[in-house]
Each structure stands twice: as C-alpha cells, then as structure tokens.
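Encoded as structure tokens, the structure appears first; notes follow it.
Taken together, the values in this text are just the output of simple stated rules run on the coordinates, not laboratory data. Just so it is clear, the structure is predicted and the values come from calculations on it, not from any experiment. So basically every Cβ, Gly included, is an ideal-geometry build from the backbone, and we count neighbours across all protein chains shown.
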C-alpha cells in the first residue's frame, strides 16, 4: 500500500480532474507546482505561497545534496520543516540537472559521475544514492535518477537512455526503505513514440503510485511535445497521477492537460517576474513599458492576489524601471497566483465537461496581447 | 491648526513617550520608521510592513522627483495609494541626498543645482520646489530643503549652512499650499552646540508641528552626536515631536531616545538583511557563519515575526550561503520587526519609569554577541 493515493474525479476528453492525497495533505489536479530549487521560492515566503493557493511544492535533490547537504536538511527535521512548508512536497532526483548543469559528465551503467558547477567537486549519483538523498530530505513524492537525452538525438542513443532509465527505475524502487514516500518512475524516449511506449510499458510493471514524463521541452518543436506526450500518457494506468516535468507556460499547461497530464512544474512564473513580465488573461505584460507609467489599473483586474489588489501598473512600472527588488516579489506573487488559478479553473471546466471550450477561450485571451 | 497633533504621554528623564496623530492614522513614539526610499521597502511588501507593526513609513522626494516624477505619483493618486500604504507617511526633501549623492553640486542663496546621478540631467531644487514636489507626493509629514554639511567643517561654513537652513525653512513654510501636511523644520549646526541652539531657536519661532535634527551621523565621533543632539532637543518645545534623521542602530535608537528624541528612521534593518546580518537581543548574527549550519533555533526565540516562527538558523544560513534572494526578505522582516519591537518596549519602559534600567539591560544584551 502506497503512502500516496490518487482519486480520478472527472474526465473530459483526455483531460482529467482528480485529487492526490499525501502524508502532508491533499492537492487537487490538474496541479501546477511552484519550484523552490534550493528549498526557497526565490522571493516568495511560504506564507506568500500558501496565500497564492499552492498545493504541492518542489525542491531539487541535485542542489540540496551539494548545499547544504541532505544530512543537514535531515538533521534540521527534514525538508518540510527546513522550508517551513507543511503541505505536499516533491523532490526531483537531479537526473535532469546532471544533464543540463554539471560539467565533465560521465555516465556508466551504474550511475553518473560529474563535476559540480558550484565548487568543482567530483560527485557521483547512482539510483540508490538518489533515493538515499531523497529519503534524507523526506518529500512526499520522490523521483528516480533517469537518463535525460538531448533533442535531436540518434535513435540508438535514445534507446540506450531508455534502457538505462528503466533499469535505474527498478533499482530505485528496490532501494526505497521509507514507506511514506511515493516514487514516480520517469518515462523517457525522446520524440520517438514507440520508444516512449516501450519505456512506459516497462515502468508500468513496477505498479508505481504515479508516473512522470521527462525529457520534454529540451528543444523539440512544440507540437511534437504534445503528440508524444499524449502517446505516453495513453500507456499509463488511468488510476495513477501523471506528471510532466519542467513544463511550462499557461498555454503549455492547457496543452499538457489536454494530453492527459495531471501535474506540472515550472520556474517560469518566478523567472518571468525577475525579468519584469506579468501573466494576464489577455497576454503577458512587459512591465518596463512606458505605456504603463500612469496606468491606475492593476496588472489583472480579475486577480485577487496581494499585488493586484494593492498596486497599480504604474507603480509596478516604476519599480521595474528602477530595478527595485520588490518588483520581483510582487510579480512572483501574481504570476504564481495566476498559474494556480489557471489550474483551478481548468479543473472546474473538466468537472463541468467544458474543457475544450475553456481551453479555446483561454488561449484566445492569452494570444490577444493587449492587456 | 496643524494637520498633525502630538500628545506627550509620559517622560522618564529626557526620554519621552507620546502619540502622533496624522490624517492617515496614529503612530506611537518613540517611533522607528522604516525607509522606502523609492516608494518601495526593498524586499518587504506593505503587508509584511503592516504585520511587522510599522507606524510611519518614509520615502524620498529626491528619488521620486527623478523617477517616476512627482506628477506621475500624484496622477496615480498620491504616494499612499502608489505604495499601497494607508498609514502615516513622511517624505524627506532631498537636501541630504543632494549633499551625499548628486554630482556637480552648486549652491546659491536661492537653492541648489545638481547633476542627477541617475541620468546626468541637471536638476534644480529650491525650498519652494521641494515643497511643491512633496505636496504632489502627499505624505503626512514633509521636510524642507536644508543645507547639510560635512564633519569636520570650518565654523564659518557651518554658520553659513545654518543661515541658509533657517532662511529656507521660512520660505518652505510660506510655500505650503496644502493644509493637511505637517512640515518639520530641520535643525543644522554641525557639532557646534551654540550653532545648533541658534538654529533651533530661530526655527522654533515658526511654531511648526514638529522639528527634526539633521546633519548627524556624518562622520562625527559617536559621543559627540548624543551630547549635541541633547542640547538641540533641549531648545525645542516640549509639546512637539522631535525627529532625528537617518540614525541608526538599536543602540543608537536608545541613545537618541535618552537624548529626548521621538522619531528616527534608518535603512539599517534592510541593509543589514541584504548583507545577511540579523539583529538579536544578544548581538548581531552573521548568518553566513558555519556555526549556524545545523542550528535548529530561530534567529531570535523571543521574536514573533514570520521568519522566527517559521525558520531555523540552519535554513537561513543555507540561504545566506547560497545567496538565495529569499534570505534578504526573511531577514528584513525580522530586522524591521526587531526595531519596531525595540521601539514598543522602549515606550513601555518610559511609561513605567524604568527607561534607564531598560536601556542598560538592553545594551548589555546587544553587547554580548553570543546569540
């Protein structure tokens, strides 16, 4: 019996609405999960996150194993207590970060050796070590070490990555000693639908509490993503949650849901905030633009976040122009709230059987770009 | 009849406890006033400020006249609405900033011409223009343009600065057209007690709703500050609030109160936070220190701020080491809360007639440095 349960509450086409129950509480799906890579959401406090309506929050084992070290987090009471977040949490294994960040990466059948981009130390990750780290951290959902691969890639290389990913997923499950954490195997396979299907079928044999799709948003053409993702999700068991890793924009969120995805994470809301961009239902605002200077309206007059109920576009434009650090916080609060609300509204549309119309209408608004 | 009233509620030696009533609500004294130079508290939202217990909040006319321009702030509903702060506000005139920041400064009897350090534009401030700008901004308390002077300085130069400051204060009062703003003349005079007294006596003739002491903390020896400040305050009317500009540390706050000061502002709580320092009753913590790495205790176990009730020293040390931007916010929240609480406790001690013992005990704690 897994520590995590999933209840599918409604479907509308391939889109699904459900509920995930973890030892640290529930989260509704489709879920957008804010990312606190180093156990901090850049410029949002956990109080801000709670107010924004966050369900599941992410952190990253690759970063935390290096600083402060997973033993420090464990000794300080685990990741929940460390971050001050008592809701559901998920940690990524670091497979993607080894691929995208680390220098001098050398893979072998047993694991991967790499040079830390932080301090130049040579580090080693194996499936067993990735589980050990994440058991010390103590998130509710943990991820196995996998083999991510670039796009485009030779078919043979993708096949080898799939084989490694499957073997490591099995070893990861075998390495688990805690019973209160749910491990989600990750489907790889590049943009080869047949390799995705093969990988997914092998992983389904593990009877895992949930499954993830990795290796998307690595440079492939947009439409390719959704077709391959849909094929992948189609192989996964209906009664388990499906997590698309590291994607994406508001439009991507809707596309992933349409392809049968239940959970997504992305750093975009806080990254866009740092660059002074604000999401709205009528396109993304570049807050530095002069046209906002005397605009009394909030960023989004349909949003109930602290930023929109307190400040004008003119004020945010002033802070953006001056590069005042507060604007990062204020726009992060708004952008995260925007994504969480998009997830809630998507859920309601699925429950009401109107997802297709909701998606069309929402995408049309996002494309207007005259906010 | 002034828009601002002050009620002296208790005295203990030269220390005073009182209450300031403005069109935007009350503030108790002694007051510590957080500084939002560009109409933003660096990394604290106005919700954070309210939770921390802030009374009066500062902004700066010198910065706001340049960006976004006082007309923009006025058109967006004034500084209160612009910042989203509905409590009492004070704006500084820019006299100190012209002296400390601007290039190519040229003073004449009528005002000062200077080159903006922001965009190189040549700008002009006169007493009348400083009032005009601050009337457009709309703070409850406004400051006249004055002539700040370096330390040490020739006596003749200080005398001329005092003459200019007095003349400009008179012109500032005459220039006021709004009746809902209180203008506090600024006493200058360097570290010459007799010049301070002469300046104060001349300004008292204006029957202003409050008075400020400027030109302190400009490089003079510490003890000199408090002796000269006490002499200055001694000349000011008992029934009007006294504001020491731009000072200082927790110990400075207590010294200023002991010298009869009612209001103080300083950027130190947020600046220290940026450099990863945390105030505590037992000295200042350097959060980067390795000794905090596995410390489960909060920064200050007597503090009820969101940072101390949520996070361990170990977590803050991790964020400090990684230079995660959240640590600036978390330590700002704590440091500002610390200063506001120090002000409240100081007030209670004065009301209870135990200020001297409170100050001795508090200073002893601050000096321990084994937090």
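Some points to look at:
- Dividing the radius of gyration of the alpha carbons in the protein assembly as shown by their Kirkwood radius gives 1.05 for Rg/Rh.
- Mean projected area of the convex hull spanned by the Cα atoms of the range A:54-161, taken over all viewing directions: 7.5 nm².
- Fewest-first ordering of A:80, A:192 by other beta carbons within 10 Å of each residue's beta carbon gives A:192, A:80.
- Highest-fluctuation residue, A:303, A:148, A:266 considered, GNM on chain A with Cα pairs under 10 Å: A:303
- Listed by Cβ neighbour count within 10 Å, with the fewest neighbours leading, B:329, A:309, A:164, A:232 appear as A:309, A:164, A:232, B:329.
- Computed over the range A:151-200, relative contact order equals 46 percent, with contacts defined as Cα pairs under 8 Å that lie 6+ residues apart.
- Considering only the range B:39-176, percent of DSSP beta bridges that pair antiparallel, nearest 5: 60
- In the assembly of identical copies, residue B:119 has its label point, taken 7 Å from Cα in the direction of the beta carbon, separated from the corresponding points by 4.6 nm (ascending, one decimal).
- Span from the the range B:187-223 Cα centroid across to the the range B:157-179 one, whole angstrom: 13
- Shortest-first nm distances, residue B:108 label point to equivalent points in other copies (7 Å, Cα→Cβ): 8.1
- Computed [θ] at 222 nm, deg cm²/dmol, chain A (DSSP H ≥ 4; -39,500 (n - 2.57); rounded to nearest 500): -12500 deg cm²/dmol
- Computed on chain B, with alpha-carbon pairs under 8 angstrom and 6+ residues apart, the relative contact order is 18 percent.
- Here residue B:157 yields copy-to-copy label distances, from shortest upward, of 6.8 nm, the label point defined as 7 Å from Cα along Cα to C-beta.
- A convex hull fitted to the Cα coordinates of chain B yields 130 cubic angstrom per residue.
- Antiparallel DSSP beta bridges within chain A, as percent of all bridges there, nearest 5: 55
- Relative contact order [Cα under 8 Å, 6+ residues apart], the range B:1-73, whole percent: 22
- For B:322, A:107, order by how many other beta-carbon atoms lie within 10 Å, fewest first: A:107, B:322
- Computed from Cα atoms, the angle from the helix A:355-368 axis to the main principal axis of chain A rounds to 60 degrees.
- Between the range B:266-307 and the range B:72-143, the C-alpha centres lie 33 angstrom from each other.
- Rounded to 5, the percent of DSSP beta bridges in the protein assembly as shown classed as antiparallel: 55
- Using the empirical formula 2.2 N^0.38 Å as the baseline, the Cα radius of gyration of the range A:273-368 reaches a ratio of 1.14.
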